[in-house]
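Peer 1: The structure that follows is given in the form of structure tokens.
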Amino acid sequence: MSLVELGPVPPVMSASDFRRRHIHWRKNMSLLKTIDPTPSFAPQESGPLPERLISGNPTYKTWAQDAARGETIKTGVWEATPGETHSIKGELFEFCHILSGVIELTPEGGEPVIYKAGDSFVMKPGYVGVWKTIETVRKIYLTVS
């Protein structure tokens with residue numbers, strides 16, 4: 001392949017352009033958030049509301065890692081031990097990415113769907129169904145209220 005086929009050589013960035021871009025990058029670094037799937041800080045521990053429990057004795061751990069827009073957007077990691085609960089989203093939108101474990105979601109009036117490590121899904125506002133944790137599950141979540 002000749003140099004002509006490779007196309008034009010990109011210009012060398014001047015020192016002042018580099019500084020300007022670096023300053024811009026540093027200012028915007030707070031707008032980039034990496035979600036740690038194995039956080040080293042202690043989680044908030046909880047469980048299902050009694051009126052939502054169907055079976056088992058599930059426990060929950062939440063590692064909240066970021067919030068934005070007045071806490072209406074939240075991200076972090078959540079873990080649940082086996083059990084079965086009523087899942088009612090109300091006005092909440094939730095994106096989930098399963099890191100480990102197995103769950104079965106059954107939307108009201110629908111068929112069960114199995115999710116396992118590597119799977120992602122969305123529960124939209126108004127979602128009602130059954131959440132069954134088959135094997136302890138850990139997920140990355142993003143909620144919008």
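Each value in this text was obtained by applying a stated rule to the coordinates, not by laboratory testing. All figures in this text were calculated on a predicted structure; none of them were measured in a lab. We place every Cβ from the backbone using ideal geometry, glycine too, and count neighbours over all the protein chains shown.
Peer 1: Can you list the trypsin sites (Lys or Arg not before Pro) in the stretch 48-93 that are in a DSSP coil and have 13 or fewer other beta carbons within 10 angstrom?
Peer 2: Those that pass, being in a loop and sparsely packed, are Arg69.
Peer 1: What's the FRET efficiency of Phe41 with Glu108 using the Cβ-Cβ distance as r and R₀ = 30 Å, to the nearest 0.05?
Peer 2: The computed FRET efficiency comes out at 0.25.
Peer 1: Taking the stretch 31-145, how much of its Cα-Cα pair set, in percent, is spaced more than 22 angstrom apart?
Peer 2: Here the long-distance tail beyond 22 Å is 29 percent of all Cα pairs in the stretch 31-145.
Peer 1: Let me ask another. Just in the stretch 37-142: which chymotrypsin sites (Phe, Trp or Tyr not before Pro) are loop by DSSP and have at most 11 other Cβ atoms within 10 Å?
Peer 2: Phe41
Peer 1: Let me ask you something else. Computed over the Cα atoms of the stretch 84-133, what is the convex hull's projected area averaged over all directions, in nm²?
Peer 2: 3.1 nm²
Peer 1: Let me ask another. Give the cross-link partners of Lys74 among the aspartates and glutamates, using a straight C-alpha distance below 19 Å as the criterion and excluding same-chain residues fewer than 8 apart.
Peer 2: Hits, sequence-local ones excluded: Asp36, Glu45, Asp66, Glu91, Glu94.
Peer 1: In addition: Name the long-range amide H neighbours of Val130: under 5 Å, sequence gap of 5 or more, or other chain; modelled H, no Pro or chain starts.
Peer 2: Ser87, Thr106, Glu108
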